[in-house]
Each structure stands twice: as structure tokens, then as C-alpha cells.
Amino acid sequence: MDHEEPEAREPVISLTGARATLGSRPVLRGVDLTVRRGEVVALLGANGSGKSTAVRAAVGQVPLSGGSLQLFGTDLKRFRKWSRIGYVPQRTTAASGVPATVREVVSSGRLARTKLGLPGRGDKAAVQRALELVGMADRIKDSVNALSGGQQQRVLIARALAAEPELLIMDEPMAGVDLANQEVLAGALREQVADGVTVLLVLHELGPLEPLIDRAVVLRDGCVTHDGPPPKAAASTPPSSQLRSSRGYPQPGHDHVHPHDGPGAEPIRTGLLS
């Protein structure tokens, strides 16, 4: 494990004064967000606060109307090493309507690393390890259409892990997933963190991930209202309770509809998850 102080580590994501609009509506209003190597950062906030827009901006899917973005110290316009980033978008499905096996879906996460599109021994090993991490290795030959929603989410996370990323970005990975599947996903993420992977998570509630979180960034109306230790209410208060903690930080909501974050279920960049 790296015992270096977080403040001394190099930034992996640097959003500075980030502004973005969807349609004519401002969604990000000058967001500063820095995620340093080895950190696990949770992005929290009520519905429509801009959480998903912020992470989509961080992977270049939402253009900034103001401010700047650097990934691994490189300006977005010059950044090309998308294989360093694993991205699990919000509320997507592994079933695309085209028959595909679990192996095929997870293997697609290796595309940015394979030579001439031909998987090698290392690619197959990475796919197998990713499936083992999420407890789906025994379903490798099954059609994704035969899986439950929680199992499909585990396959999509395995697809991101198969790329062996240095930075893992997950947009509400626990949404609509039962507690048993949440515990499996938390275990998989714990192993990634132990291996030094940097993680940015959009969450409604911390749940089983709470012990892993180093820092919480809370958004409200497209602005950062808290950046520091996770608000206790976010980890312990049921989602159906009041939306504001006693400390005044917005409490993550229960509803999973994001009217201001746009559709964007699938990533645009083929270098992430194609």
C-alpha cells in the first residue's frame, strides 16, 4: 500500500472552474474537483445536482463551456490514453438486443489494449480475473439476456475491470442492485483499491462502500458545497429520510431519476467501453 499523503500524490482528475450546460440550462456552475492517485472519492448530492454530468465531463463526454479538465496531468484535448480509464455509465444494461455471452461483453473491455483486435493470453486472463472479482466466472458462457439486473451490472463492472485501469469511474454502480449483489461489488472494488486503483464513484448512499471512501464531494445545484470526510448522514441515514443532514450537506435522494443529467446511458468514446 502507498502510505504517501494524499495531498502529495499527483492529480489523476483535475476539473477546475468547470461549467457545463445541457440544452440551455446550466448544470455545472464552476465545479472544482481533484482526484489524486490512490484516492477513493464519492460524488454525492440530490437529484439534478449535476453528479452524473460532472463524471461525464470528467471523461470528455460532456463539453465544458468554461473551466478546464486534465486527466493524468494532460489537458483533455491532448489526452489519448483512454485505456488507463475504466468507466461504468449510469443505468445501462449489458443486454443490447444482440445475442452476446458474458465472455463477449467483458472481452469488449479489452479492445483498447488488444493488438489488431486479436485477444491474446493476457487478454483472456484479464477477462477471467475480472469475472472472478465480481463472482460471475461460472456464467462466462451464458447469454447476458439470461441474467438478472444485478448480475448484468456485475458483468458491466467486470468489463471495466478487464481493461486493468488505473482510474475507475462508476456512475451509481449500486442503483437498482440488491444487497447481496452490492456486497459482491463492494468486495470487487475493495480489491481494486488494494491494488492502488484510483476510484471516483457517483452514489446516492454509501452503503457497503462506506469503509472504502476517503473523501466525499457534495454537489448542490451544480456547485460544490462540501469536499472532505463523508457526511455521516450519507452513510447511515436511510435514503427515504430527509434530504439534508444536520450539518447542512445535501443528503443523497432515493429517487434515481436525473432530469438534468441527460440520457447518456452508453459511453461515447470507444477508448472507454465500446
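The residue that is nearest to VAL12 (Cα to Cα), counting only those in segment 144-178 that are in a helix (DSSP H, G or I) and of a type in the set (S, T, N, Q), is GLN153. One residue is enough: does segment 179-189 have a residue meeting the conditions of a type outside the set (Gly, Ala, Ser) and in a strand (DSSP E or B)? Scanning segment 179-189, I find no residue that is of a type outside the set (Gly, Ala, Ser) and in a strand (DSSP E or B), so the answer is no.
Here's the yes/no breakdown for (1) among the acidic types (Asp, Glu); (2) over 24 Å from ILE213 (Cβ atoms); (3) modelled with pLDDT under 90:
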site: GLN90; (1), (2), (3): no, no, yes
site: SER107; (1), (2), (3): no, yes, no
site: LEU118; (1), (2), (3): no, yes, yes
site: ASP123; (1), (2), (3): yes, yes, yes
site: ALA130; (1), (2), (3): no, no, no
site: ASP171; (1), (2), (3): yes, no, no
site: LEU179; (1), (2), (3): no, no, yes
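LEU76 meets the conditions (1) surrounded by 20 or more Cβ atoms within 10 Å (Cβ to Cβ); (2) farther than 15 Å from ALA216 by Cβ in every case but one. The failed one is (1).
Residue pairs whose Cβ atoms lie under 6 Å apart, separated by 6 or more positions or on different chains, with the first residue in segment 124-153 and farther than 15 Å from SER108 by Cα and touching a residue at least 12 places away in the same chain (Cβ under 8 Å) and the second of a type in the set (Asp, Glu) and assigned to a loop (DSSP other than H, G, I, E, B), are GLY150/ASP178. GLY196: part of a loop (DSSP other than H, G, I, E, B) and either touching a helix residue (DSSP H, G or I) at 6+ places or on another chain (Cβ under 8 Å) or at pLDDT below 90 (or both), yes or no? No.
Which of the residues spanning segment 143-164 are farther than 22 Å from GLY176 by Cα and either at pLDDT 95 or above or buried (at least 24 other Cβ atoms within 10 Å of the Cβ) (or both)? Passing the criteria: ALA162, ALA163.
The values are calculated or read from the model by the stated rules, or taken from the named source; none is laboratory data. Note that this is a predicted model, so its numbers are computed, not measured. Quick reminder, even Gly has a Cβ in these numbers, built from the backbone with ideal geometry, and neighbours come from all protein chains shown.
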